[in-house]
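To start, the structure itself, in structure tokens.
The values are calculated or read from the model by the stated rules, or taken from the named source; none is laboratory data. What you see is a predicted model, and the numbers here were worked out from it, not measured in a lab. Here the Cβ positions follow ideal geometry from the backbone for every residue, glycine too, while neighbour counts run over all protein chains shown.
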Amino acid sequence: MENYNKNSITLTGAVGLGTGVMISAGIFALLGQVAELSGKWFPLIFIIGGIVTGFSAYSYAKMSQQYPSAGGIGMFLVKAYGKSTITAGAALLMALSMVINQSLVARTFGTYTLQLFDMEATSFLVPLLGVGLLIFAFLVNISGNSFIQSFTSIASLVKIIGLLIFAIGALWIVGFTFEPAEAGNNPPETGLTSSIAAIALTILAFKGFTTITNSGGEIKEPKKNVGRAIIWSISISLIVYLLLAWAVSSNLSLTEIIEARDYALAEAARPLLGGFGLWFTVIIAIIATITGIIASVFAVSRMLAMLSDMELIPHKHFGMPGSIQKHTLVYTIVIALILTVLFDLSRIASMGAILYLVMDMMIHWGVFKHLRDTVKANPVIVMTALIFDGIVLAAFMWVKLTSDPMIVIVSVITIVLVFTGEYFFLNKRQQEA
């Protein structure tokens, strides 16, 4: 495949890519939303989300060991379903969920940056700053793999250390008491269904591990290192998420967390460490979101390029020079720019979670039905992952139907349009062949 550099990404670089995507939108943009759905014990939801993600990651790790590829999930779907509408549609859902994640991270960047200037998060500057970050990510991605993995690995290490310092410092001040958050004034009513729905957002926070599978063909010794990188990335992210969630719940009431849900970490730093704590937290958030955008753009552009090379999705050059991968990089950024301008954090996260879970279920079914013997996968683990996804998706869509039905309608319409469009596109190509 053109413009791909085999063995150009080390194990450390792969872990950097995975954590670069995960520890960005995950803790900075979703923590407040998870708290709103699940209540005062919300830190525990991240543990459950990590467990569910672990079951899901099993299928991807098994596929990566057998079929290491720069196209990752796109190639996995081809192996399971052939060059079919299901393959093309599911792959596009994955790509869309990743682009949605980029807009989520971009708006998070804008929201946290404005905290330094005590400006309203509803300001037009939020999407404007997000657009600027996406353009920066585009420029970094055309600079080459070596710079990307070095930048994301170093920046990921810096932000992880910074976040751990914040979390441990916050917990040390309250005597390392892992108590549930105080309710505050008029806390929301939560139940089993909404708590299960909250798991969907934590899965979205962990799904950055797929960035590693999408770069499998460029990782050194992929049959050994892809699985290791996935395990390390999920484990590191879970520890960071859990400590930060407890740190925030120990210093803010549930009501305060929900009111500042788009910038809960920065809000927790104000009473804890004053102006210095705010600056420290926001700077770490900026580093985290920058690395998240760069790593995500890196992965999704390569996945779309492989789908284009395999003639599973339409591709137009529009007069642009360079390789297909460069073109898909442009498409990725443009779509993310539009989403960043049009949607708020809550709706972006909800749509991303729905599209990802639908695609994830298709991966598990494909492994169970068609490839479990070939990739030597334990069918019980694969079916458990599928069932978990189904329960979480059903709960999440039910909760959103009662609170924000429009985002469910938009998500369903998007899924229908993707599969319908792919059906006609592939049929037309077959007739022309």
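Of note:
- In region 412-433, the residues that are surrounded by 16 or more Cβ atoms within 10 Å (Cβ to Cβ) reach residues that are not in a helix (DSSP H, G or I) with C-beta atoms within less than 7 angstrom, at least six apart or across chains, in these pairs: Phe425/Pro314.
Matching residues to (1) at pLDDT 85 or above; (2) farther than 18 Å from Ile286 by Cα; (3) surrounded by 15 or more Cβ atoms within 10 Å (Cβ to Cβ):
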residue	(1), (2), (3)
Ser84	yes, yes, yes
Glu120	no, no, no
Ser123	no, no, no
Leu128	yes, no, no
Ser143	no, yes, no
Ile148	no, no, yes
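- If you go through region 163-193 and keep only what is modelled with pLDDT of 75 or more and of a type in the set (A, V, I, L, M), you end up with Leu163, Leu164, Ile165, Ala167, Ile168, Ala170, Leu171, Ile173, Ala181, Ala183, Leu192.
- Only one entry in Phe28, Phe42, Phe46 is closer than 27 Å to Asn185 by Cα, at pLDDT below 85, in contact with a Leu (Cβ under 9 Å, 6 or more places away or on another chain) and surrounded by 24 or more Cβ atoms within 10 Å (Cβ to Cβ), namely Phe28.
Conditions tested, residue by residue: (1) surrounded by fewer than 24 Cβ atoms within 10 Å (Cβ to Cβ); (2) without any contact (Cβ under 8 Å) to a residue 12 or more places away in the chain; (3) farther than 25 Å from Thr108 by Cα.
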| position | (1), (2), (3) |
| --- | --- |
| Ile335 | yes, no, no |
| Phe343 | yes, no, no |
| Ser346 | yes, no, no |
| Ser350 | no, no, no |
| Ala353 | no, no, no |
| Met361 | yes, no, yes |
| Val367 | no, no, yes |
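- Of the residues making up region 181-233, those that are touching a residue at least 40 places away in the same chain (Cβ under 8 Å), of a type in the set (D, E, K, R) and within 15 Å of Trp41 (Cβ to Cβ) number 1.
- Condition met for Ile290 (in a helix (DSSP H, G or I), under 25 Å from Val140 (Cβ atoms) and in contact with a Lys or Arg (Cβ under 8 Å, 6 or more places away or on another chain)): no
- Scan of region 375-390 for residues that are in a helix (DSSP H, G or I), touching a residue at least 60 places away in the same chain (Cβ under 8 Å) and farther than 16 Å from Ser350 by Cα, ordered by number: Ile381, Val382, Thr384, Ala385, Phe388
- Among the residues making up region 228-247, those that are buried (at least 24 other Cβ atoms within 10 Å of the Cβ) and over 17 Å from the mean Cα position of the chain (by Cα) are Leu244, Ala245, Trp246, Ala247.
- For Leu157, the requirement of being modelled with pLDDT of 80 or more and either over 30 Å from Leu254 (Cβ atoms) or surrounded by 24 or more Cβ atoms within 10 Å (Cβ to Cβ) (or both) is not met.
- Tally of residues being under 15 Å from Ser308 (Cβ atoms) and among the β-branched types (Val, Ile, Thr) across region 86-98: 1
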